[in-house]
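**Q** First the structure, then my questions, so here it is.
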Amino acid sequence: MQYDVTVIGSGPGGYVAAIRAAQLGFKTAIIEKYPTLGGTCLNVGCIPSKALLDSSEHFHNAETTFKEHGIDISQPKVNLKQMIARKADVVKQNVEGISYLMNKNKIDVYEGVGSFKDKHTILIKSQKEEKEITSDKIIIATGSKPSSLPFIKLDKKRVITSTEALELKEVPKHMIIIGGGVIGMELGSVYARLGAKISVVEFLDNLIPSMDGTMGKELQKSLKKLGFDIYLSHKVTAVAAKGKEVTITAENSKGENLELKGDYCLVSIGRRPYTDGLSLENAGVKMTDRGQIEVDEHLKTNVDNIWAIGDVVKGAMLAHKAEEEGVFVAEQMAGQKPHINYNLIPGVVYTWPEVASVGYTEEQLKDQGRKYKTGKFPYKALGRARASMDLDGLVKVLADKETDEILGIHIIGARAADMIAAGVTAMEFRASAEDVARMSHAHPTYMEAVKEACLAATDNRPIHV
Ligand code: FAD
Ligand code: NAI
């Protein structure tokens, strides 16, 4: 078979690229090595983790806040088997949705590992058969896999990655998490809410360190209330599993040792780009020394008919970043001139309270030597937050000192994940803090905290603090 465009990998980068290419009139194929489409995000990432976050949050609320809301129920119990089964059903519905979209857009789906024979020919090997297709243009969207450390043996039973943590058969008694980033905080929250003791060992001096520093500090307070023990500035030196026990040894910046014993250890220290089995050398595609596929600003590799997108290239490892890149590449192939504003790709951590961020962090502005103003507003001063008892959190707005243009919006609090879209819109239209402060925001909503933080940033004139 001969195609105009072939996509290798069916995650959010790959399947979106395939749909956009098909919409633009290209004869399109997609190759996926697993039997279900949707990649990491739909199968073992975004969707199943959010399903478990929602279920565990319901349980936690039933145990904690229901009584105060005037809802008396007998002691709730965790049915982990049902929770995991519901999660599996959510995943099934989502991945079937992608198959439907492939059909609808007349995209040919091949199951098997895709590898380059040359720059236009791809071999597809599955357990059943081996096929060969040719393609004018090719998009590599093979994603990423969990990273580990050389001295850690991931046995996937007691020393696990996020993939196994989404499938546990029991609630851990004590889960030790290596890495205080996004995966650790989200999956740690799931099991803490279900009754596990959680200890986090983080190398740097803050949680979620890629976000604005205030967010990590505030999140720490909330997670400590949930029972997390957090060890910052600790470097893990050994992980040993024996029977049902896992022992983690770490060293802090003063050289003092820490030993923790638990029944599960979740290793969440980042993810690495995945190119195994692609035989990139047969097409002459270059990689960076960090194992990513090297691309230029158009996401084109060094080979003129091959592009790469998503987790396998530079930039944030986020589903929506991969999706934007999929559209970007397909539209370029059709001769269009699309654009991605990488600075305005939002980041969200789905803990409770949620954390959401767009634009520059305060640390980045300091590094740039840029003059800025800060406006903050606490959730506890919001009527809406009082009504729902979601009092933890704040909004922080950073604006240019001279022009008042918003440079960054950082929110920790209830529904931050959905609120950040308004921040992205404002910043895409290069709004000033005063522009947002003068817009009517419905009362009572959590978004009023954004308006108030903008009032604080404009001229230090918030109304409700
Ligand atoms: P992937 O989704 O990794 O897809 C790549 C696909 O390529 C895979 O299906 C793989 O099997 C296939 N493949 C690889 N090699 C070959 C080959 N040679 N032949 C055929 N097929 C191949 N991001 C968010 O934005 N929001 C979230 O809430 C979020 N939650 C996450 C939670 C967890 C636990 C994890 C692990 C990740 C989460 N992410 C989240 C990150 C998100 O999943 C990734 O950024 C996103 O999936 C990247 O998309 P992609 O298309 O680049 O690659
Ligand atoms: P991460 O990059 O978010 O966090 C890894 C953490 O581990 C960092 O804080 C880092 O300082 C720490 N670390 C690294 N080496 C260490 C060591 N030796 N000892 C102790 N700590 C160490 O990576 P994570 O959580 O594994 O997630 C991977 C990717 O998946 C993220 O980049 C994220 O983009 C994506 N993801 C996104 C989600 C979302 O958007 N809500 C949810 C989950 C994952």
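**Q** List the GluC sites (Glu not before Pro) within the range 71-134 that fall in a DSSP loop (any state other than H, G, I, E or B) and whose Cβ has at most 14 other Cβ atoms within 10 Å.
**A** On the way: sites: Glu96, Glu111, Glu129, Glu130, Glu132; in loops: Glu129.
When the GluC sites (Glu not before Pro) of the range 71-134 are filtered for loop state and at most 14 Cβ neighbours within 10 Å, Glu129 remain.
**Q** Sort the chain into rounded, prolate or oblate with this rule: let a ≥ b ≥ c be the square roots of the eigenvalues of the Cα gyration tensor; rounded if a/c is under 1.5, and if a/c is not under 1.5, prolate when a/b is larger than b/c, oblate otherwise.
**A** Values: a/c = 1.69, a/b = 1.24, b/c = 1.36.
It comes out oblate by the Cα gyration axes.
**Q** Under the definition of Cα pairs under 8 Å and six or more residues apart, what whole-number percent is the relative contact order of the range 353-459?
**A** Details: 225 pairs, mean separation 37.3, N = 107.
Dividing the mean separation by the residue count of the range 353-459 yields 35 percent.
**Q** Using Cβ contacts closer than 10 Å as the measure, can you line up Met317, Met185, Met439 from fewest to most?
**A** Numbers: Met317 19, Met185 28, Met439 14.
Going from sparsest to densest Cβ surroundings: Met439, Met317, Met185.
**Q** Right, something else. Cα centroids of the range 75-146 and the range 424-465: how far apart, whole angstrom?
**A** Rounded to whole Å, the Cα centres lie 42 Å apart.
**Q** What list of ³J(HN,Hα) values in whole Hz, one per residue of the range 239-253 in order, does the Karplus curve 6.51 cos²θ - 1.76 cosθ + 1.60 (θ = phi - 60°) give from phi, with Gly and Pro shown as x?
**A** For the range 239-253, the Karplus curve yields 9, 10, 10, 9, x, 9, 10, 10, 10, 10, 10, 9, 10, 8, 5 Hz.
**Q** So which trypsin sites (Lys or Arg not before Pro) in the range 372-426 pass both tests, a DSSP loop state and at most 15 other Cβ atoms within 10 Å of the Cβ?
**A** Working: sites: Lys373, Lys376, Lys380, Arg384, Arg386, Lys396, Lys401, Arg415; in loops: Lys401, Arg415.
Loop-located and lightly packed - Lys401.
**Q** Let me ask something else about it. Rg and Dmax in Å for the range 354-402, alpha carbons only: what are they?
**A** Over the range 354-402's Cα set, Rg and Dmax evaluate to 13.6, 41 Å.
**Q** If amide hydrogens are placed 1.01 Å from N in the peptide plane, which non-local residues have theirs closer than 5 Å to the one on Ser144?
**A** For Ser144, the qualifying residues are Tyr274.
**Q** I would also like to ask the following. For the range 148-192, just say rounded, prolate or oblate: build the C-alpha gyration tensor, square-root its eigenvalues into a ≥ b ≥ c, call rounded for a/c under 1.5, and beyond that prolate if a/b exceeds b/c, oblate if not.
**A** Numbers: a/c = 1.83, a/b = 1.21, b/c = 1.50.
In terms of gyration-tensor shape, oblate.
**Q** Can you classify the range 315-408 as rounded, prolate or oblate using the Cα gyration tensor, where a ≥ b ≥ c are the square roots of its eigenvalues, rounded means a/c under 1.5, and otherwise it's prolate if a/b beats b/c and oblate if not?
**A** Numbers: a/c = 2.82, a/b = 1.51, b/c = 1.87.
In terms of gyration-tensor shape, oblate.
**Q** OK, next. With +1 on each Lys and Arg Cβ and -1 on each Asp and Glu Cβ, and nothing else charged, work out how big the dipole of the chain is about its Cα centre, in Debye to the nearest 20. Display every interim value, and only then the final one.
**A** Values: 59 positive and 60 negative charges, 197 e Å.
Dipole about the Cα centre, nearest 20: 940 debye.
**Q** While we're here: Which whole-Hz couplings ³J(HN,Hα) result when phi for each residue of the range 355-361 is put into the Karplus expression 6.51 cos²θ - 1.76 cosθ + 1.60, θ = phi - 60°, listed in order with x for Gly and Pro?
**A** Going residue by residue, I get 10, 8, 8, 8, x, 6, 8 Hz, with x marking Gly and Pro.
**Q** Counting DSSP beta bridges in the chain, what percent are antiparallel, to the nearest 5? Don't skip to the answer; put the middle values down first.
**A** Working: 51 of 83 bridges.
Antiparallel: roughly 60 percent of the beta bridges in the chain.
**Q** Counting each pair of different Cα atoms once, what's the Kirkwood radius of the range 353-459 in Å, rounded to one decimal?
**A** 13.4 Å
**Q** Could you list log10 I(q)/I(0) for the range 159-269 at q = 0.23 Å⁻¹, which the Debye formula gives when each Cα is one point scatterer?
**A** -1.34
**Q** Which trypsin sites (Lys or Arg not before Pro) in the range 1-109 pass both tests, a DSSP loop state and at most 15 other beta-carbon atoms within 10 Å?
**A** Sparse-neighbourhood loop trypsin sites (Lys or Arg not before Pro): Lys67, Lys77, Lys106.
**Q** State the volume of the convex hull built on the alpha-carbon positions of the range 265-376, expressed per residue in Å³ and rounded to an integer. Please report the intermediate quantities before stating the final value.
**A** Details: hull volume 19.5 nm³, N = 112.
Spelled out: Cα convex hull of the range 265-376, divided by residues, is 174 Å³.
**Q** Can you give the calculated 222 nm mean residue ellipticity of the chain, where each DSSP H run of n ≥ 4 adds -39,500 (n - 2.57) and the sum is split over every residue, rounded to the nearest 500 deg cm²/dmol?
**A** Mean residue ellipticity, 222 nm, calculated: -10000 deg cm²/dmol.
**Q** Could you go through the range 319-325 in sequence order and give the Karplus-derived ³J(HN,Hα) for each residue, using 6.51 cos²θ - 1.76 cosθ + 1.60 with θ = phi - 60°, rounded to whole Hz, and x for Gly and Pro?
**A** Using θ = phi - 60°, the values come out as 4, 6, 5, 4, 4, 4, 5 Hz.
**Q** Determine the distance separating the Cα centre of the range 279-301 from the Cα centre of the range 1-47; give it in Å without decimals.
**A** Using only Cα atoms to place each centre, the spacing works out to 19 Å.
**Q** Please work out the C-alpha center-to-center distance from the range 177-203 to the range 332-389 and express it in whole Å.
**A** Cα centres, the range 177-203 to the range 332-389: 23 Å.
**Q** Once amide H atoms are placed 1.01 Å from N in the peptide plane, what residues at a sequence separation of 5 or more from Arg271, or on another chain, have their amide H within under 5 Å of its amide H?
**A** HN-HN under 5 Å from Arg271: Ser147.
**Q** Assuming R0 = 41 Å, can you tell me the calculated FRET efficiency for the pair Arg438 and Lys92, based on Cβ-Cβ distance, to the nearest 0.05? Provide the component values of the computation, followed by the final result.
**A** On the way: r = 47 Å, r/R0 = 1.14.
Working from the Cβ atoms, E equals 0.30.
**Q** From the C-alpha gyration tensor of the range 38-109, pull out the three semi-axes of the equivalent ellipsoid (sqrt of 5λ each), sorted largest to smallest, in whole Å.
**A** 35, 11, 9
**Q** Okay, moving on. Using the crude model of +1 on Lys and Arg Cβ and -1 on Asp and Glu Cβ, and no other charge, please compute the dipole size for the range 270-376 relative to its Cα centre, in debye to 20.
**A** Values: 13 positive and 16 negative charges, 113 e Å.
Value, rounded to 20: 540 debye.
Laboratory data are not the source of any read-out in this text; all were calculated from the coordinates shown. Given the structure is predicted, the values throughout are model-derived calculations rather than measurements. Because the Cβ atoms are built from the backbone with ideal geometry, glycine has one as well, and the counts that use them run over all protein chains shown.
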